Each structure stands twice: as C-alpha cells, then as structure tokens.
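Engineer: Encoded as structure tokens, here's the structure I'll be asking about.
Bear in mind these aren't lab numbers, they're just calculated from the coordinates by the rules spelled out. Worth saying up front: this structure is predicted, and the values here are computed from it rather than measured. When we count neighbours, we look across all protein chains shown, and the Cβ atoms used for this are built from the backbone with ideal geometry, even at glycine.
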Amino acid sequence: MQQVFGGCCVKNRVSDDIENTRSILLGTKSANVYFETNEYVGEILDNFDVENKKVLTVLASGDQAFHFYNKGAKKVDVFDKNPLTIYYYYLRRWVILYLKRSYPDFNFNSIFLRNILKNVITSDDREKMAIEYWTKFADLLDKLDIQSKYYFFDRVLLKKDDEFDCEKLSSILENDEFNFYNIDLAKKIKIPEKYDIIYTSNVSHYVKNTGTFNSYRLNLKHYLNKNGVIISSSISGFGAAEEEREILEKNFNHHILPEVYQPHLLDSYSPGYYYTKKRFWE
C-alpha cells in the first residue's frame, strides 16, 4: 500500500516534507498544491449517481473529495503524486470541522494556523503527523516573515466560502476513514481496493510527463469495479485528447458530458467526459 500516512510511512516523513515546503516558500521549487479546484466539480457530478458509491479521487485541493461527500458517497479515498497535498487536505478538514467554512484564509498566517491547531482533536497517528507538519509550517512563516500565498497557486474560479454544506460535511468528517495513496496513475501502481467511481480530474493531461497512457489504462481497468465509471475534467470542452482516447478505448467507451455555462469563458462548454468499461472483456 503506497500511503504517506500509515503502516508503511517513510522515516522522517514530516521533516522531509517541511524541507520541501521551505524550498517552495523561498521560491526555489514550484508548489503543485492548489488552494481550490479550477474545475466545475459539482456540475460534473450532477450527471452521476454518487449515492453510497465507493470513490477514488485525485486529492489536489480536496474540493473533489468534499463534493463527493456532499453528494452522498459511501467512502472517498484520495490519491496524488504530490505528498504535500495530504497536509492541506487535513487543514481543509479542520477548517470545515471547527470553523464551518469551506476554505481557509487565502493568505493565512501563523496566527491562523495556531488557532486552528488548538482545536484539533486527533483521531489517529496520521492526523498527529499533519499537526506536526502545520506546527512546523507556522514556525516557517514566522521565521521567513511571509504569508502562505507563496505556497499555493492563485485562485482561478474565486469560489465562495459557502461552496459546501459544512454542517453536513462536519458530521461526515467526524467519522470517516480514508486512504491516501501517494501514487502516479501514469506508472504501475499497487493499491488494495477497487472502486465504483474513479475521478481523475485532469491527470491525463500530464500522463506523458512521467509515464505512459498504457500504464494509465491498465491501472484504471484493474481498479474500477465492473459497472464503474471513470470521470475526467476537460479544459478543451471536447473530451479526451486523441492519443488518450485511442489507447483507453481498447477497454472503455468514451462519453462527453453535456455542456454547461462556464463564467470564466463566457460561453457553454462540456466540463468533462467519462469512460465506462466495454462489455466484451468483463
């Protein structure tokens, strides 16, 4: 199992991640941690029956996972090739639980962090690791005399703080158990479960940077349940790129989602597409 937190966590994980964070804050590395999603996740999921489904979703900002919870998913596991995303996911969860807000302050400072941390009641060792990370992060902000805006990409959609039903989410987050897999879908992976829905976001746009579409296809084929669905977002509005579609259609049928109005584009476009398994090899 490839988890940052759990039985196979890397020795000195938090210390290593804080050193990477220091480099990000100083501008010598890029962040790849998103304050919020640039996708219309709610509109995308309106096309699917999420109720009581077992979901694996890209982690990124955490918005995708929260949308799935709000729409009634039974279990939501998360994955990302960037291990720092899991820490931000915990911060998002704490903001929802203790402040009943969808997002932290955009340019949060060390005072904001320490006030949140005072409220946290840890449920397990991995949450303790998250607390340790954000405690050290607050110390970094003080030492470097900067705010957190250098850590995240700029907002894209300027989402509202009432993006989610935080009361509903709080009751779910108090009791949920989830896995975080530090994996790259473009490479061969090994995880212990299969899912009714796999939400890949725009991961396919970066497959060739680190791996192959064939590995991507085989991973999705193996970890998707028989009648499951793979959901992807689309920047172009026209579905999957030609190479992706050609390779995945060996095992899947490709479908484009209905158009919706996208304010930042001042026009209507399809926000994404999805795949279902072909019957002949099931």
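Engineer: Within 15 Å, Cβ to Cβ, of residue 188, how many net charges do the neighbouring residues add up to if Lys/Arg are +1 and Asp/Glu are -1?
Structural biologist: Taking every Cβ under 15 Å from that of residue 188, the sum is +4.
Engineer: I'd like to know which of 60, 108, 181 lies farthest towards the positive end of the charge dipole of the chain, counting +1 on Cβ of Lys and Arg and -1 on Cβ of Asp and Glu.
Structural biologist: 181
Engineer: Mind checking which of 179, 47, 38 has the largest fluctuation in a GNM of the chain, springs on alpha carbons under 10 Å?
Structural biologist: 47
Engineer: Also, I was wondering about something else. Which one, 263, 146, 205, is farthest towards the positive end of the dipole of the chain when Lys and Arg carry +1 and Asp and Glu -1 on their Cβ?
Structural biologist: 205
Engineer: When the helices in the chain are scored as -39500 (n - 2.57) per DSSP H run of 4 or longer and the sum is shared across all residues, what 222 nm value do you end up with, to the nearest 500 deg cm²/dmol?
Structural biologist: About -10000 deg cm²/dmol.
Engineer: Once Lys and Arg get +1 and Asp and Glu get -1 on their Cβ, which of 32, 220, 172 lies farthest toward the positive end of the dipole of the chain?
Structural biologist: 220
Engineer: Relative contact order, percent, of segment 6-140 when contacts are C-alpha pairs under 8 Å separated by at least 6 residues?
Structural biologist: 23 percent
Engineer: How far apart, in nm, are two points set 7 Å out from the Cα along the Cα-to-Cβ line at residue 114 and at residue 101?
Structural biologist: Each label point is offset 7 Å from its Cα along the Cβ direction, giving 1.8 nm.
Engineer: Still on this structure, please answer the following. Can you divide the C-alpha Rg of segment 23-105 by 2.2 N^0.38 Å and report the result to two decimal places?
Structural biologist: Relative to the rule-of-thumb radius for its length, segment 23-105 sits at 1.16.
Engineer: On to the next question. Using the C-alpha atoms of the chain, what convex hull volume per residue, in cubic angstrom, is computed?
Structural biologist: 128 Å³
Engineer: Add +1 for every Lys or Arg and -1 for every Asp or Glu among the other residues with Cβ under 11 Å from the Cβ of residue 49, and state the total.
Structural biologist: -1
Engineer: Right, something else. Any idea how far the Cα center of segment 212-282 sits from the one of segment 30-74, in Å?
Structural biologist: What the calculation gives is 16 Å, centre to centre.
Engineer: So, with +1 on the Cβ of K and R and -1 on the Cβ of D and E, and no other charges, what is the size of the charge dipole of the chain about its Cα centre, to the nearest 20 debye?
Structural biologist: The dipole magnitude comes to about 820 debye.
Engineer: Label residue 28 and residue 266 with points 7 Å out from Cα along Cα→Cβ: what is the distance between them in nm?
Structural biologist: Placing both labels 7 Å along Cα→Cβ, they lie 4.4 nm apart.
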